[in-house]
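Please read the structure below before turning to the comments.
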Amino acid sequence: MTTDAGVDPTVERLRRRGDAIIGRELTRLAGRAQALGPQDLAVVEAALNDLVERLVLARLRALPHRAAEVDRLFTDPGSGR
């Protein structure tokens, strides 16, 4: 992980935002696809976490000068940020 103080808070904020989105979607999925058990949902969760890491967080670490732009893309409009 980078030591750039300007990126670390953004990476953590986006990681938390991704976790929240994934959690909500897993809850929805569990309700809709009741045949899925805990192990199935764990596989889906791991895959989604991997996507967030590879497609968002790793790229943000590679392009720290784009932190503010990436942060704006994932800011919840209702959060007041």
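None of the figures in this text is laboratory data; all of them are computed from the coordinates on show. From a predicted model like this one, the values you see are computed outputs, not experimental measurements. Cβ sites come from the backbone with ideal geometry, for glycine too, and all protein chains shown count toward neighbours.
About its Cα centre, what dipole magnitude does region 34-81 give when the only charges are +1 on Lys and Arg Cβ and -1 on Asp and Glu Cβ, stated in debye to the nearest 20?
300 debye
As I understand it, the value is the acute angle between the Cα axis of helix 8-32 and the longest principal axis of the Cα atoms of the chain; what does it come to in degrees, rounded to 10?
20 degrees
Taking R0 as 35 Å, what FRET efficiency do you get between Ala47 and Glu69 from their Cβ-Cβ distance, rounded to the nearest 0.05?
It comes out at approximately 0.85.
Run the quick spin-label model on Thr27 and Leu55: label points 7 Å from Cα toward the beta carbon, then report their separation in nm to one decimal.
So the label points at Thr27 and Leu55 sit 2.2 nm apart.
With log10 I(q)/I(0) by the Debye sum over Cα atoms at q = 0.13, 0.18, 0.24 Å⁻¹ in mind, check (i) -0.41, -0.74, -1.17; (ii) -0.48, -0.78, -1.09; (iii) -0.60, -0.78, -1.02 and report the label derived from this structure.
Recomputing log10 I(q)/I(0) by the Debye sum over Cα atoms at q = 0.13, 0.18, 0.24 Å⁻¹ here picks out (ii).
To test your reading of the geometry: what angle, between 0 and 90 degrees and rounded to tens, separates the Cα axis of helix 38-52 from the longest principal axis of the chain?
20 degrees
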